[in-house]
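Below: the structure, in structure tokens.
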Amino acid sequence: MKKTLNDHLSPSSGPKNILSLDGGGIRGALSLGYLKKIETILQNKHGQDYLLSDHFDLIGGTSTGSIIASALAIGMKVDEIKDLYMDLGGKIFGKKHNFWNPLQTWKFLKASYDYSVLEKSLRSAFGEITLGSEEIKTGLCIVAKRADTNSVWPLINHPQGKFFNTSLGKNKNIPLWQAVRASSAAPTYFVPQMIDVGDRQQAAFVDGGVSMANNPAMTLLMVATLKGFPFHWEMGEDKITVVSVGTGYSIFRKQVGEIKEAWLKTWAQSVPDMLMQDASWQNQIMLQWLSNSPTAHYIDMEIESLRDDYISGKPLIKYLRYNFPITEIELNNLNLGKTYNGEDVESLIEMSNSENREELYKIGEAAAKDSVMEFHFE
């Protein structure tokens, strides 16, 4: 028998599973390759009608991850989301503002892409569903950044949330498409999303990735366990499993001369990616410190993979992290029928190259064959 929303949210209804989905623009297609393997493993175990929204009690994401998380939370299968995502990606990143058109120059100076295309696509995908709608079948957390107060907002569908339906806020009335649009409003790509947060107050939201939560796994664990949030799930290796899926990452290597001779524009282009990677790896370190992860990544020569390094003397969660290093060597090791070079790597890393979306899915699918194991979900 399938769980109800209350079963998913209740702290007394057995062990809990959390699914966390990173931001990364069109590279979310790579995440879908991993999710397809996870779904297949679970369906082989529970039946072909079993959905990721049946298995995971809290699904959350940042930016492009929020799009996928929301689609999963309303009960869509991965293949359905893939079709939706490939269509959305082509539309959202398909056409930039025309800089040479005097009537559009002002738009170009605010953002590269037309937000109305993103808005129309998300409205079409999620319709009239709100954060409080019964169409959301499990716990959902959309991570956005409120720019006018510089605060990270985990928008959740838990009916006991402080801002869900109280004098503090009516988040249950926020349209799902609008919450996702807020989480996806990457600065320079799209203009901020304005949302009425109650008490006649308009808030300006930008991409949740402009924070420590582009990889939102630690944020989701805090939402699930801290007293200030309504879930109140108990920590323990046999009580909480966190599955975290990335969108691929680059290996940052520069020659000393390149750094020494860097110009202001060079730093302006490099710093955001440096900070996002640092934030993601900090998440990785903390979660490996909390767990005895079978997917533990090697961090560096000092702390290595934190094997047997437990923050409290014992594992407090089960943790699985799936992500792929987008490098020539790793890509060519996948044997996808082509030889990748440096230009291919640069193209795949760029988060708005929508023409790469099908290839990114294949990369994620191929990477998952060797990294997502059946015993991970026993």
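The values are calculated or read from the model by the stated rules, or taken from the named source; none is laboratory data. All of these numbers come straight from a predicted model, not from anything done at the bench. All Cβ positions, glycine included, derive from the backbone under ideal geometry; neighbour counts span all protein chains shown. What goes into the accessible areas is simple: the full protein's heavy atoms, side chains included, and nothing from ligands, DNA or RNA. Shrake-Rupley method; radii C 1.70, N 1.55, O 1.52, S 1.80 Å.
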Report, by residue number, each residue of segment 272-285 that is at pLDDT 90 or above and open to solvent by 60 Å² or more (accessible area, probe 1.4 Å). GLN282
Against the definition (charged (D, E, K, R), over 24 Å from GLU374 (Cα atoms) and open to solvent by 30 Å² or more (accessible area, probe 1.4 Å)), how does ASP83 come out, yes or no? yes
Working carefully through the options SER70, SER13, SER20, SER31, find the one that is modelled with pLDDT under 95 and of a type in the set (Gly, Ala, Ser). SER13
When the residues of segment 301-324 are narrowed to those that are open to solvent by less than 60 Å² (accessible area, probe 1.4 Å) and farther than 16 Å from THR241 by Cβ, which ends up nearest to the chain's Cα centre (by Cα)? ASN323
Looking only at residues that are within 19 Å of GLY28 (Cβ to Cβ) and in a loop (DSSP other than H, G, I, E, B) in segment 337-369, which one is least open to solvent (accessible area, probe 1.4 Å)? SER352
Does GLY132 satisfy the condition of being in a loop (DSSP other than H, G, I, E, B), open to solvent by less than 20 Å² (accessible area, probe 1.4 Å), modelled with pLDDT of 85 or more and not hydroxyl-bearing (Ser, Thr, Tyr)? no
Whichever residue in segment 310-339 is touching a residue at least 12 places away in the same chain (Cβ under 8 Å) and among the β-branched types (Val, Ile, Thr) and, among such residues, is nearest to LYS369 (Cα to Cα): ILE326
In segment 86-116, residues that are within 26 Å of LYS362 (Cα to Cα), modelled with pLDDT under 90 and among the hydrophobic types (A, V, I, L, M, F, W, C) total 3
